[in-house]
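What follows is a short report on a single structure.
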Amino acid sequence: MARIVILGAGIGGVPMAYEMKETVGKKHDVIVISDTPTFHFVPSNPWVPPRWRKPEELKIELAPVMKKKGIEFIQKAASKVDPENNQVQLVDGSAVPYDFLVIATGPRLAFDEVPGLGPEGYTSSVCHVDHAEVAARDWDKFMENPGPIVIGAVQGASCYGPAYEYLMIIETELRKRKIRDKVPMTFVTAEPYIGHLGLGGVGDTKGLLESALRDKSIKWITNAKVDKIEDGMMYVTEVDDEGKEKKKHELPFKHSMMLPAFTGVDAVRKVDVAGLVNPRGFVLVDKYQRNPTFKNIYSVGVCIAIPPVEPTPVPVGAPKTGYMIESMVTATAHNIASELEGKEPSYEATWNALCLADFGDSGVAFMAKPQIPPRNVTWSAEGKWVHLAKIGFEKYFMRKIRKGISEPLYERMMLKLMGIVRLK
């Protein structure tokens, strides 16, 4: 009987546990290690600050679901992955041995890379539900004395969708309160152009998003490097296409939400053996989601190493989106099952992307097959239906987590009709 340990219990880790257990059954043990007792639905975090959602509505207690599925759940923080001894060390001094390890930790939020960035500095965050809860209190204070808003993503960021979503959700809320005319809004991003998204654009995302910002009277600064943030003031250097300084900006704000760059989490990035992670602490994987050096370690989700899709004047990372992560999960489950049967890994994730970006009362949807260019298919569209679809997807995904299901048959069949599948 093999011990399959999954480190992390987020968008990647929880479906990984469900699908792994479904694939190997009772023949092998599946163990999940998490520093938190709950799963939380990250895509809905931008709805928390304007009070469209309560934080508790986005959380699910994991222990009861894991027990029902026959999965061991260890609610402790990991201090270090020890690949040479095939174990995960925990902060209480204990260790969890494994035959196979799947690293699905998500990222470390590198607020420290920009002075004044983050909840402990002068800007809000929607990267974690607890941060979004703090942002909600900041938003309440802002409503007492409205003024300029600055929203965006700093240099090195790789997840741009939530920045656009938060920008437009807040703009919608201001219009609902009939105070939009009192609030100048600026979008600041490391992207070389609006709608790049770390992907070189998808379909006409450039045109769609630029049009949306113009329609909402939102100014923007691209190729932006945030130098520092002080209380109520952001200092930004805008560069040209050659990366040379073009203009200095001093942006006053009463409320700001800026997405940070990511690194690997400390338990992984500080491993003192070569071959597990890249210089930023992201896990190195081959086309089978397996680490090339430590062959019994796999990784899925935001914590894996993916190079930027193209050179940009300001560093821009490549995002790892929901369905792309789900395809990694399926490939990993099948490959570990193959190894348990004495076979070599052969399953490759498609890394297709199907994304819904909510704009408060409308939105933008895009599909990329695969997500990383060059692509076989690119498509994007906009409309009020996207907002409704995002709400429906939230309910659907949360139900899957509560039920302990990774990919129901009807979901698989529906997406297959659209030409979207998890495995090559």
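The values are calculated or read from the model by the stated rules, or taken from the named source; none is laboratory data. The structure presented is a predicted model; accordingly, all values stated were derived computationally and were not measured. Using ideal geometry, Cβ is built from the backbone for each residue, glycine included, and neighbour counts are taken over all protein chains shown. Calculation scope for accessible area: heavy atoms of the full protein, side chains included, ligands and nucleic acids excluded. Shrake-Rupley method; radii C 1.70, N 1.55, O 1.52, S 1.80 Å.
Points to keep in mind about this one:
- Residue among G275, G317 that alone is farther than 30 Å from N86 by Cα, touching a Ser or Thr at 6+ places or on another chain (Cβ under 9 Å) and not acidic (D, E): G317
- When residues of the stretch 361-389 are limited to those that are part of a loop (DSSP other than H, G, I, E, B) and touching a His at 6+ places or on another chain (Cβ under 7 Å), the one least open to solvent (accessible area, probe 1.4 Å): S362
- Condition met for T263 (at pLDDT 95 or above, of a type in the set (V, I, T), within 16 Å of the chain's Cα centre (by Cα) and surrounded by fewer than 23 Cβ atoms within 10 Å (Cβ to Cβ)): yes
Every residue, every condition in (1) closer than 20 Å to G147 by Cα; (2) in contact with a strand residue (DSSP E or B) (Cβ under 7 Å, 6 or more places away or on another chain); (3) not small (G, A, S), yes or no:
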position: L167; (1), (2), (3): yes, yes, yes
position: I170; (1), (2), (3): yes, yes, yes
position: M185; (1), (2), (3): yes, yes, yes
position: T189; (1), (2), (3): no, yes, yes
position: P192; (1), (2), (3): no, no, yes
position: G201; (1), (2), (3): no, no, no
position: E210; (1), (2), (3): no, no, yes
position: K247; (1), (2), (3): no, yes, yes
position: M258; (1), (2), (3): yes, yes, yes
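- Residue match in the stretch 307-314 (condition: assigned to a loop (DSSP other than H, G, I, E, B), open to solvent by less than 50 Å² (accessible area, probe 1.4 Å) and at pLDDT below 95): yes
- Failed item, numbered, when D286 is tested on (1) in contact (Cβ under 8 Å) with a residue 40 or more places away in the chain; (2) closer than 25 Å to Y98 by Cα; (3) of a type in the set (D, E, K, R): (1)
- One residue from E230, E238 being in contact (Cβ under 8 Å) with a residue 60 or more places away in the chain, open to solvent by less than 90 Å² (accessible area, probe 1.4 Å), acidic (D, E) and more than 30 Å from V377 (Cα to Cα): E230
- Positions within the stretch 202-217 being in a loop (DSSP other than H, G, I, E, B), out of contact with any helix residue (DSSP H, G or I) (no Cβ under 6 Å at 6 or more places or on another chain) and open to solvent by 10 Å² or more (accessible area, probe 1.4 Å), in sequence order: G203, D204, S217
Conditions tested, residue by residue: (1) in a loop (DSSP other than H, G, I, E, B); (2) more than 19 Å from P162 (Cβ to Cβ); (3) among the hydroxyl-bearing types (S, T, Y).
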{"site": "G317", "(1), (2), (3)": "yes, no, no"}
{"site": "Y323", "(1), (2), (3)": "no, no, yes"}
{"site": "W351", "(1), (2), (3)": "yes, yes, no"}
{"site": "I391", "(1), (2), (3)": "no, no, no"}
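- Filter result for F100 (open to solvent by less than 70 Å² (accessible area, probe 1.4 Å), under 23 Å from the mean Cα position of the chain (by Cα) and at pLDDT 95 or above): no
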